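Only one structure is covered here, and it is reproduced in the block below.
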Amino acid sequence: MLHFNRCQHLKQIAQKCFSSTHVKTDKRAQLFLSRTFALAELRKSWHSIYSLVGDKNIILMGPPGAGKTTVARIIGQKLGCCVIDVDDDILEKTWNMSVSEKLQDVGNEQFLEEEGKAVLNFSASGSVISLTGSNPMHDASMRHLKKNGIIVYLDVPPIDIVSRLKLMKIDRIVGQNSGTSMKDLLKFRRQYYKKWYDTRVLCENGASPEEVADKVLNAVKRYQDVDSETFISTRHIWPKDCEQKVPTKFFSEAVTEGLAPDGGLFVPEKEFPKLNFGEWKSLVGATYVERAQILLEKCIHPADIPASRLGEMIETAYGENFACSKIAPVRHLSGNQFILELFHGPTGSFKDLSLQLMPHLFAHCIPPSCNYMILVATSGDTGSAVLNGFSRLSKKDKQRIAVATFFPEDGVSDFQKAQIIGSQNENGWAVGVKSDFDFCQTSIKRIFQDSDFTGFLTVEYGTVLSSANSINWGRLLPQVVYHASAYLDLVSQGFISFGSPVDVCIPTGNFGNILAAVYAKTMGIPIRKFICASNQNHVLTDFIKTGHYDLRERKLAQTFSPAIDILKSSNLERHLHLMANKDGQLMTRLFNQLEEQHHFQIEKILVEKIQQDFVADWCSEGECLAAIHSTYNTSGYILDPHTAVAKVVADRMQDKTCPVIVSSTAHYSKFAPAIMQALKIKEISQTSSSQVYLLSSYNALPPPHEALLERTKQQEKMGCQVCAADVNVLKSHVEKLAQNHFI
């Protein structure tokens with residue numbers, strides 16, 4: 001049965017677009033609503049087709065040796081339904097010969113056609129069907145099967161499959177020609193499995209058929225329950241009456257809306273999904289893309305984004321636009337310290353790990369007929385990353401999604417400023433603001449909560465506002481992957497065994513990056529301590545040590561590490577909400593007090609709970625430069641200023657009893673003046689591009705960032721708009737951009 005809420009959410013978005021009474025006389029708005037309602041009905045039809053209710057089939061897909069037949073029989077016994085093995089019950093009965101004889105008789109290509117024809121002539125309902133390993137290579141037959149069932153992919157690591165096939169004395173399968181290894185053929189086939197499945201079951205080494213069968217049933221149950229994974233605001237106050245309905249959002253709504261209506265941030269209503277020990281171990285040898293797909297599938301319900309479409313997005317996001325094939329490699333620095341390199345994306349910062357994927361998630365989630373204006377506040381790196389990410393959407397999507405980036409005119413490095421300006425494109429613009437990042441971020445939140453202004457935009461320009469800062473769940477979620485991947489890489493490289501603890505040290509301003517590491521631990525990565533590293537704007541460090549978040553008489557200092565020059569940390573609210581057992585009333589009180597009185601104090605018991613996992617300290621400007629200098633002298637590795645802040649704090653706070661992974665959040669060439677000062681290079685040129693080229697001539701690690709070098713050739717020729725520190729002025733820019741792009 002389909003829950004009515006899931007079918008209605010697109011209608012609600014459309015109604016939000018045109019909530020004004022003017023909609024009654026606006027023919028364009030009425031057309032918009034009717035088209036969006038039609039889409040909602042199509043979505044309802046989709047769920048009706050793919051929900052498993054009595055006459056639908058559970059279809060097990062996977063490579064030869066995955067255990068499909070055995071698992072199917074166990075499920076059939078549990079459900080009391082018919083079990084159909086395609087090999088035994090369809091192919092051999094149709095051909096009157098064994099499958100191996102048929103393959104030998106007709107050859108690979110003809111076999112696939114004959115196999116596909118046999119399946120096309122078959123129909124069943126209410127059954128468990130075990131496919132052959134080659135069925136997914138025939139499109140027409142798979143479409144036929146998919147119409148009446150849920151396809152479950154039994155994902156067994158190739159190395160386990162090869163071992164099983166040897167035990168089964170199978171040395172040849174469909175498609176294997178002379179000279180082709182079994183391992184290569186299995187790898188080739190995965191592209192077909194990824195194309196068709198509705199839900200995946202990770203089959204870790206040693207899992208019994210009974211355990212896999214239970215996993216299949218749980219996966220099917222999750223797939224059916226389209227309303228099971230919802231989001232609430234951090235400021236949601238739980239009703240005393242347990243029968244009263246809780247206002248929740250689906251993933252797609254949380255992504256498109258960005259900020260909750262009450263000013264809070266969206267978080268999962270239930271706990272984060274967990275992987276067991278064996279499932280994590282099966283990911284040790286996986287690529288970053290494979291890890292990302294498996295982890296994000298567990299966090300995004302297929303009713304919001306189907307697994308096959310999510311896979312396409314991930315492969316697009318982490319493709320040729322990353323300079324390193326490992327995407328986020330881990331490098332041993334010295335002793336027990338490791339560097340997680342998060343700067344190999346097109347704009348040279350950790351923001352690329354989210355913002356190459358998030359635009360695709362966003363474009364999929366919004367209604368086809370709705371225009372969206374993304375508002376972004378940046379402390380340096382987010383601006384260019386979001387402009388770059390949204391510029392890579394399809395032409396059609398760029399016509400309905402535009403980006404406005406607001407940055408502190410004098411609060412970012414010269415290179416960052418030039419990079420933001422140079423990243424402007426047909427659907428993205430930059431606006432300098434004569435203030436600091438906190439003003440930009442606070443102003444955007446106020447714009448979101450100004451119902452008169454947002455209503456005006458929707459009626460006049462058919463435009464809805466959203467965000468791409470880490471306040472947006474779709475921006476934060478992909479960051480979980482690289483923290484998990486870093487740990488798996490240490491296991492893969494033999495530095496630790498799985499289950500051994502590590503610490504992480506992260507330069508932190510808005511708390512999003514370190515919060516993503518918390519979520520990775522929640523999913524099962526054994527992180528012992530989270531080390532919060534601050535620069536001179538150490539409000540977070542002070543809070544973790546005392547429980548007092550105090551902005552009174554505290555002025556933002558401009559430092560060598562501008563991306564963490566932040567005083568109002570948005571994502572701290574999400575972590576406090578988690579630590580306070582989802583007490584929305586407390587979050588409302590604390591953050592209203594912060595807004596009105598510029599400080600709040602949490603209770604001692606909550607401080608102690610936070611300090612069980614967190615330690616924190618801060619780094620001076622002199623210590624930052626000294627760390628860059630000493631690290632280069634001892635290892636030939638150049639730290640960017642943010643990473644240097646983290647290393648200083650890690651040296652001071654970590655007890656060296658386990659490895660510590662230091663997040664390197666940007667490539668050093670983005671901060672050339674600070675690096676040249678730290679390395680005592682006297683020939684400091686006047687232009688950021690010449691400084692970058694000079695640094696690239698040094699034989700240092702990490703190597704020069706080619707995309708940044710290329711960007712310097714064009715970015716200094718462009719300009720951008722600059723505005724006063726007035727929220728009404730920012731609104732006028734937003735309106736003008738919406739008018740120019742959407743009308």
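The values are calculated or read from the model by the stated rules, or taken from the named source; none is laboratory data. Here the structure is a predicted model, which is why all the values come from computation and not from measurement. Here the Cβ is made from the backbone with ideal geometry for all residues, glycine too, and neighbour counts use every protein chain on show. These area figures cover heavy atoms from the full protein model, side chains too; ligands, DNA and RNA do not enter into them. Shrake-Rupley method; radii C 1.70, N 1.55, O 1.52, S 1.80 Å.
Of note:
- Taking amide H positions as modeled 1.01 Å from N, with prolines and chain starts lacking one, the residues under 5 Å from Ile84 and 5 or more places away or on another chain are Val128, Ile129, Ser130.
- Computed over the range 522-660, the quotient of the alpha carbon radius of gyration and 2.2 N^0.38 Å is 1.15.
- Note on Ser325 and Asp613: with the Förster distance fixed at 30 Å, the Cβ-Cβ geometry gives a FRET efficiency of about 0.35.
- Calculated diffusion of the chain, Stokes-Einstein form, Kirkwood radius summed over Cα pairs, 20 °C and 1.002 mPa s, µm²/s: 78
- When only the Cβ of Lys, Arg, Asp and Glu is charged (+1, +1, -1, -1), the dipole of the range 247-328 relative to its Cα centre reaches about 340 debye.
- Take the convex hull of the alpha carbons in the range 582-689; its mean projected area over all directions comes to 10.7 nm².
- Spatial separation of Cα centroids for the range 582-616 and the range 380-438, in angstrom: 32
- Solvent-accessible area per residue in the range 558-647 equals 39 Å², computed with a 1.4 angstrom probe and all protein chains kept.
- Karplus-derived 3J(HN,Hα) values for the range 349-360, using 6.51 cos²θ - 1.76 cosθ + 1.60 with θ = phi - 60°, are 9, 5, 5, 4, 4, 9, 7, 7, 9, 3, x, 6 Hz; glycine and proline are entered as x.
- Contour minus Cα-Cα distance for Lys195 and Arg589 (0.36 nm per residue): 137.1 nm
- Cα-Cα separations in the range 47-224 greater than 20 Å, expressed as whole percent: 50
- Test item: Cα-centred dipole of the range 47-224, Lys/Arg +1 and Asp/Glu -1 on Cβ, debye: 580
- Whether the range 512-597 is rounded, prolate or oblate, judged on the alpha carbon gyration tensor where a/c under 1.5 counts as rounded: oblate
- Of all beta bridges that DSSP places with both ends in the chain, some 20 percent have antiparallel geometry.
- For Asn371, residues with placed amide H under 5 Å, excluding near neighbours: Val464
- The protection proxy used here, the mean number of other Cβ atoms lying within 10 Å of each residue, ranks peptides 620-631, 530-541, 295-306, 250-261 as follows, highest first: 530-541, 250-261, 295-306, 620-631.
- To the nearest ten degrees, helix 437-448 and the longest principal axis of the Cα atoms of the chain are 60 degrees apart.
- Mean separation of Cα contacts under 8 Å, 6 or more apart, over the residue count of the chain: relative contact order %: 13
- All aspartates and glutamates inside 20 Å of Lys555 as judged from Cα atoms, apart from same-chain residues fewer than 8 positions distant: Glu409, Asp410, Asp436, Asp438, Asp542, Asp565, Glu595, Glu596, Asp617, Glu621, Asp726
- Local electrostatic count at His642 - Lys and Arg +1, Asp and Glu -1, tallied over other residues with Cβ under 11 Å: -1
- Counting DSSP beta bridges with both ends in the range 47-224, the antiparallel % (nearest 5): 0
- Cα gyration tensor, the range 284-423 - rounded (a/c under 1.5), prolate or oblate: oblate
- Quarter of Cα convex hull surface for the range 456-601, i.e. mean projection, nm²: 12.0
- For the range 381-469, the list of GluC sites (Glu not before Pro) that fall in a loop by DSSP and count at most 15 other C-beta atoms within 10 angstrom reads Glu426.
- Accessible surface of Asp262, taken over heavy atoms with a 1.4 Å probe and every protein chain present, rounds to 70 Å².
- Computed across the range 622-670, the Kirkwood radius stands at 11.1 Å (inverse of mean 1/r, all Cα pairs).
- Placing +1 on each Lys and Arg Cβ and -1 on each Asp and Glu Cβ, with no other charges, gives the chain a dipole about its Cα centre of roughly 660 debye.
- The range 47-224: relative contact order as a whole-number percent, Cα under 8 Å and 6+ apart: 34
- Cα-based helix-to-principal-axis angle, 182-196 vs the chain, degrees rounded to 10: 80
- Using the Cβ-Cβ distance between Lys736 and Ser125 with R0 set to 56 Å, the FRET efficiency works out to roughly 0.45.
- Take the Cα of Glu710, step 7 Å toward its Cβ, do the same at Arg164, and the gap between the two points is 4.2 nm.
- Rounded FRET efficiency, nearest 0.05, which uses the C-beta distance separating Thr287 from Gln77 and R0 of 51 Å: 0.90
- Per-selection Kirkwood Rh - the range 259-329 (Cα, Å, 1 d.p.): 14.2
- Cα lying deepest toward the dipole's positive end in the chain, options Val412, Ile638, Gln479, charges on Cβ: Gln479
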